[in-house]
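Trainee: Next up is a structure, given as structure tokens.
The values are calculated or read from the model by the stated rules, or taken from the named source; none is laboratory data. Just so you know, these numbers come straight off a predicted model, no measurement behind them. Positions of Cβ are generated from backbone atoms using ideal geometry, with glycine treated the same way; all protein chains shown enter the neighbour counts. These accessible areas exclude ligands, DNA and RNA; they are computed on the full protein's heavy atoms, side chains included. Shrake-Rupley method; radii C 1.70, N 1.55, O 1.52, S 1.80 Å.
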Protein chains: 4
Amino acid sequence: MPTDNEQEAACHSGGDEHDGGRKSHHSDQMKANLMTRLNRIEGQVRGVKGMIEKDTYCDDVLNQIAAIQSALGSVGKLLLEGHMRSCVIERIQEGESAVIDELLVTINKLMK
Amino acid sequence: MPTDNEQEAACHSGGDEHDGGRKSHHSDQMKANLMTRLNRIEGQVRGVKGMIEKDTYCDDVLNQIAAIQSALGSVGKLLLEGHMRSCVIERIQEGESAVIDELLVTINKLMK
Amino acid sequence: MPTDNEQEAACHSGGDEHDGGRKSHHSDQMKANLMTRLNRIEGQVRGVKGMIEKDTYCDDVLNQIAAIQSALGSVGKLLLEGHMRSCVIERIQEGESAVIDELLVTINKLMK
Amino acid sequence: MPTDNEQEAACHSGGDEHDGGRKSHHSDQMKANLMTRLNRIEGQVRGVKGMIEKDTYCDDVLNQIAAIQSALGSVGKLLLEGHMRSCVIERIQEGESAVIDELLVTINKLMK
């Protein structure tokens, strides 16, 4: 059970959350990485709003949309990797294979 | 500034822009539609940042990422449709088939 | 209008086909290129059948599936490019903008 | 050769294969399902070759390509599900978490 060594994301069970207390616990480094990426994505979305308002040529806007899609995909991959390396492994080792059902649903959504 | 027929997006040539003056001109209705969608997407991205900060269970975050991807994809489809129904048609009718080269590059990026 | 110079794909109108006589006309070189790719894809699909029969490790089969997806995607891009450079341009120049409706439906299917 | 419990796919370790003896073992039902789908896909690919030879209108060919992509995607999802419900669970329970590295690489290829 990770105590101070939280370099990797980890899934917690316990607590009084309405979701049964399940939580992810990303390392500070991972959190900072994700926040930087999400801040940039938020800025890109605001940028697209500005482009629409200024009637920027659609092809340029479409290229910006494709860039955001790609940046979001990278965040998704980081999260998926963290999830699989922590929660999925932990829960399977605890015999809780329902984590696989849940994961398959999520992967199908991400693969669309 | 187009006056009467602004129902459809339209691509302008002319002006002193650094991009050769090429502009898109979406109808007010289309602009409002795109802005509403982009505001919602911006809110969703901010929501994901909050989820990361609160250590929300990764699978839930991943589902939210998939929802944003899908919302962005819809904005991309709207823009692509507007672009093809206006600029692409106009420029091809003016014999400027380079618009197709540009469009193929963009579609390839969106299809990744 | 192209007569002997059929280096590029071209869309024909006329004839007594049940589809209104619409046809594509790929250059011999393009046809050969597409056939080579499709023959390879057909072989890859047969290969996957053999892998399933011999109980090949799923991860290896999945990698082969991903390779076929990618090869099919390349055929799709070649066809889309040929289509846009010939039929789409020709039909728009003839004022038949319905080709865009049709193209948007197809691109949406390919982008899924 | 597994005897009774063959309902689910299973990953075998042992044997003298060059891949370290790792094998998948799909149930007869799963194998029949996959083979039916792959036979259909093989037929569809042959169909596209016929379409190219007969100069079928590109848009129709592109729709057929999209249909094959979708059918292949379904095979991929079935295999991924079988893989995760058997090999991935088994190997994680045996403490062999390298299966996750391998799976992440494969999912990334399938998500492209």
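Trainee: In a shell of Cβ-Cβ distance under 15 Å around B:Lys109, excluding B:Lys109 itself, what net charge do Lys and Arg (+1) and Asp and Glu (-1) give?
Mentor: Here the charged neighbours net out to -1.
Trainee: Each residue of the stretch A:22-37 in order: what ³J(HN,Hα) in whole Hz does its phi give by Karplus 6.51 cos²θ - 1.76 cosθ + 1.60, θ = phi - 60°, with x for Gly and Pro?
Mentor: 6, 9, 9, 10, 7, 5, 4, 5, 5, 4, 4, 4, 5, 5, 4, 5
Trainee: I'd like to check one number: the per residue accessible area of the stretch C:25-111, probe 1.4 Å, reported in Å² as a whole number. Write down the numbers at each step before the final one.
Mentor: Details: 3300 Å² over 87 residues.
It amounts to 38 Å² per residue over the stretch C:25-111.
Trainee: While we're on this one: Using a label position 7 Å from Cα in the Cα→Cβ direction, what is the ascending list of nm distances from A:Ser97 to the same site in the other copies?
Mentor: Sorted ascending, the copy-to-copy spacings read 2.1, 5.7, 5.8 nm.
Trainee: Once C and D are treated as a pair rather than alone, how much accessible area drops out, both sides summed, in Å² to 100, probe 1.4 Å?
Mentor: Numbers: alone 8430 and 8420 Å², together 12420 Å².
The contact between D and C buries close to 4400 Å².
Trainee: Shifting gears a bit: Could you give the dipole magnitude of the stretch D:25-111 about its Cα centre, charging the beta-carbon of Lys and Arg +1 and that of Asp and Glu -1, in debye to the nearest 20?
Mentor: 240
Trainee: Right, here's the next one. Partner chain Cβ atoms within 10 Å, averaged over the residues of C:87-93 - can you pull that number for me? Could the numbers behind the result be given before it?
Mentor: Numbers: counts 3, 9, 7, 1, 1, 9, 5.
Going residue by residue through C:87-93 and averaging, the value is 5.
Trainee: Right, here's the next one. Would you kindly work out, in nm and rounded to one decimal, the distances from the label point of D:Lys54 to those of the same position in each other copy, ordered shortest first, with label points 7 Å along Cα-to-Cβ?
Mentor: So the distances to the same position in the other copies read 3.6, 5.3, 5.9 nm.
Trainee: Which chain D residue puts its Cβ closest to the axis that rotates D onto B, and at what distance in whole Å?
Mentor: Result for the axis mapping D onto B: D:Lys112, 3.
Trainee: Stretch C:Gln93-C:Arg40 to full length: gain in nm at 0.36 nm per residue minus the Cα-Cα span?
Mentor: Here the segment from C:Gln93 to C:Arg40 would lengthen by 15.4 nm.
Trainee: Checking the a/c ratio against 1.5 first, then a/b against b/c, what shape does the Cα gyration tensor give for the stretch C:54-93? Write down the numbers at each step before the final one.
Mentor: Values: a/c = 7.39, a/b = 6.51, b/c = 1.13.
In terms of gyration-tensor shape, prolate.
Trainee: Give me a single rounded figure for D:46-53: the average over its residues of other chain Cβ atoms within 10 Å of their Cβ.
Mentor: Taking the mean over all residues of the peptide, I get 5.
Trainee: Computed FRET efficiency, Cβ-Cβ of C:Ala71 and A:Ala71, R0 35 Å: what is it to the nearest 0.05?
Mentor: 0.80
Trainee: Further question: What nm distances, shortest first, do you get from the label point of A:Asn33 to those in the other copies when the point sits 7 angstrom along Cα to Cβ?
Mentor: 3.6, 4.0, 4.0
Trainee: Net charge within 10 Å of A:Asn63 by Cβ-Cβ distance, Lys/Arg positive one each and Asp/Glu negative one each, not counting A:Asn63 itself?
Mentor: With Lys, Arg at +1 and Asp, Glu at -1, the net is -2.
Trainee: Then there's this: Below 20 Å, Cα to Cα, which lysines can A:Lys77 reach? Residues fewer than 8 away in the same chain don't count.
Mentor: Straight-line reach from A:Lys77, under 20 Å: A:Lys23, A:Lys31, A:Lys109, A:Lys112, B:Lys49, B:Lys54, B:Lys109, B:Lys112, C:Lys112, D:Lys77, D:Lys109, D:Lys112.
Trainee: Express in whole angstrom the spacing between the alpha-carbon centres of the stretch B:41-112 and the stretch C:96-112.
Mentor: 16
Trainee: If you don't mind, another one. Decide, for the stretch C:25-111, between rounded, prolate and oblate: order the square roots of the alpha carbon gyration tensor eigenvalues as a ≥ b ≥ c, take rounded if a/c falls under 1.5, and otherwise choose prolate if a/b is larger than b/c, else oblate.
Mentor: prolate
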